[in-house]
1. Scan region 117-137 for residues that are touching a strand residue (DSSP E or B) at 6+ places or on another chain (Cβ under 7 Å) and either under 13 Å from residue 88 (Cα atoms) or not in a strand (DSSP E or B) (or both) and jot them down.
2. Given the options 39, 47, name the one that is under 27 Å from residue 156 (Cβ atoms), surrounded by 12 or more Cβ atoms within 10 Å (Cβ to Cβ) and more than 17 Å from the chain's Cα centre (by Cα).
3. Would you check if there is a residue in region 138-153 being in a strand (DSSP E or B), away from the ligand (no atom under 13 Å from the Cβ), out of contact with any strand residue (DSSP E or B) (no Cβ under 6 Å at 6 or more places or on another chain) and modelled with pLDDT under 95?
4. Among 31, 64, which is the only one that is out of contact with any helix residue (DSSP H, G or I) (no Cβ under 9 Å at 6 or more places or on another chain) and surrounded by fewer than 17 Cβ atoms within 10 Å (Cβ to Cβ)?
5. Is there any pair with a first residue in region 50-66 that is more than 19 Å from residue 29 (Cβ to Cβ) and a second that is part of a strand (DSSP E or B) and modelled with pLDDT of 95 or more whose Cβ atoms are under 6 Å apart and which are 6 or more apart or on different chains, and what are they?
6. Here's a check for you: in region 73-126, which residue that is over 22 Å from residue 7 (Cα atoms) and within 11 Å of the ligand (Cβ to nearest atom) is surrounded by the most Cβ atoms within 10 Å (Cβ to Cβ)?
7. For residues that are within 16 Å of the ligand (Cβ to nearest atom) and more than 16 Å from the chain's Cα centre (by Cα), scanning just region 50-72, find the one that is farthest from residue 4 (Cα to Cα).
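The values are calculated or read from the model by the stated rules, or taken from the named source; none is laboratory data. Everything numeric in this text was worked out from a predicted model, so none of it was measured. Positions of Cβ are generated from backbone atoms using ideal geometry, with glycine treated the same way; all protein chains shown enter the neighbour counts.
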Ligand SMILES: CC(C)(COP(=O)(O)OP(=O)(O)OC[C@H]1O[C@@H](n2cnc3c(N)ncnc32)[C@H](O)[C@@H]1OP(=O)(O)O)[C@@H](O)C(=O)NCCC(=O)NCCS
């Protein structure tokens, strides 16, 4: 469990997959700036079994109520090997706009820089997704540029912004003071 002030991040267990499946199959969960997703419980369980560094965490309020997820996974790049990770996140609609995702991203960044020999963490978001971009900026990410027409969204190709934070910019933990 990674503990923050208002939220904790808890690694998702296989038997908790149904919670994620229920959210993911509702269009409003990933919202207007993410592709429509339909996933079976088996598919999510397989994802959780993935031996590569794909990890899915619940974002939980202090009372244990699950309000969303945050994940990290490897970015394949010959030059950096495993030293580059990407994150993704979504919250249930009625828990947005309360600062929870900003805190979750800060916790995740602290955790990854404290526990892995990672040099760079990146995130991608539709260029119209201003809430997501604000979350990243508040956690110290910088916008690097636009990936043109790089994902298929609601019947057309859309542009994504790419953001990153590198180890030198992070400097020290913002929320996590310990990793165990
Ligand atoms: C994007 C998302 C994760 C943000 O989570 P959240 O908990 O609402 O974010 P926070 O409350 O921590 O911060 C959001 C910030 O964006 C701002 N914001 C929200 N909507 C905005 C908009 N349309 N334009 C500009 N800023 C906006 C908020 O004011 C807040 O900034 P502040 O703290 O300075 O007031 C959430 O909206 C979500 O789950 N959306 C659907 C899925 C999604 O888009 N996931 C991200 C994929 S890259």
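1. 118, 119, 121, 122, 123, 124, 125, 126, 127, 132, 133, 136
2. Step by step, each of 39, 47 is checked, and only 39 is under 27 Å from residue 156 (Cβ atoms), surrounded by 12 or more Cβ atoms within 10 Å (Cβ to Cβ) and more than 17 Å from the chain's Cα centre (by Cα).
3. Yes: region 138-153 contains one or more residues that are in a strand (DSSP E or B), away from the ligand (no atom under 13 Å from the Cβ), out of contact with any strand residue (DSSP E or B) (no Cβ under 6 Å at 6 or more places or on another chain) and modelled with pLDDT under 95.
4. Going through 31, 64 in turn, the sole match is 64.
5. 55/72
6. The extreme case among them is 125.
7. Filtering first and then ranking leaves 65.
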